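To start, the structure itself, in structure tokens.
The values are calculated or read from the model by the stated rules, or taken from the named source; none is laboratory data. If you're wondering where the values come from, they're calculated on a predicted model, not measured in any experiment. Here the Cβ positions follow ideal geometry from the backbone for every residue, glycine too, while neighbour counts run over all protein chains shown. For accessibility, only protein heavy atoms count, side chains too; no ligands or nucleic acids. Shrake-Rupley method; radii C 1.70, N 1.55, O 1.52, S 1.80 Å.
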Amino acid sequence: EQNYLERYPGDDRVDLLGLDAYQQDGGPGYIRDLDQNLQMLTAYAQAHKKLLALTECGYKCLADAKWWTRVLLPQLGKYPLCYALTWRNANYGEFFGPSPGEK
């Protein structure tokens, strides 16, 4: 929480707390870290009457075909997020969301 709030401008200037979280590999660390960070942000958001969002997320080129339902969806369902946004699909070889021709 201390690291997150290091540059926090104050409750009078913030309406929404967000977190950017990208999976870098197939390991369980992403789930653990995302869960810990969302727990911390949920507590802070509720205590300070702020909205909460997963402002950027994804897994580059989706190396795990079940990532959406096995990894991301269970975490999204545990927290009062107002939205979750995947990062952009820059080109055919680099995508973070559904992409034509990819499974």
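Please specify each residue of the stretch 1-31 satisfying the condition of being aliphatic (A, V, I, L, M) and either exposed (fewer than 10 other Cβ atoms within 10 Å of the Cβ) or more than 22 Å from PHE95 (Cβ to Cβ) (or both).
Listed by number, the residues that qualify are LEU5, VAL14, LEU16, LEU17.
Starting from the stretch 54-71, keep only residues that are hydroxyl-bearing (Ser, Thr, Tyr), then list their pairs with residues that are buried (at least 16 other Cβ atoms within 10 Å of the Cβ) whose Cβ atoms are within a distance under 6 Å, requiring at least 6 positions of separation or different chains.
Within 6 Å, the pairs are THR55/GLY18; TYR59/GLN23; TYR59/TRP67.
Give the residue that is modelled with the lowest pLDDT, with candidates limited to residues of the stretch 60-87 that are surrounded by fewer than 15 Cβ atoms within 10 Å (Cβ to Cβ) and outside any loop (DSSP other than H, G, I, E, B).
Among those residues, the one meeting the criterion is CYS61.
Pairs under 6 Å by beta carbon, first residue under 10 Å from LYS50 (Cβ atoms) and assigned to a helix (DSSP H, G or I) in the stretch 1-18, partner of a type in the set (Asp, Glu) and open to solvent by less than 80 Å² (accessible area, probe 1.4 Å), six or more apart or different chains?
Correct list of pairs: empty, since none qualify.
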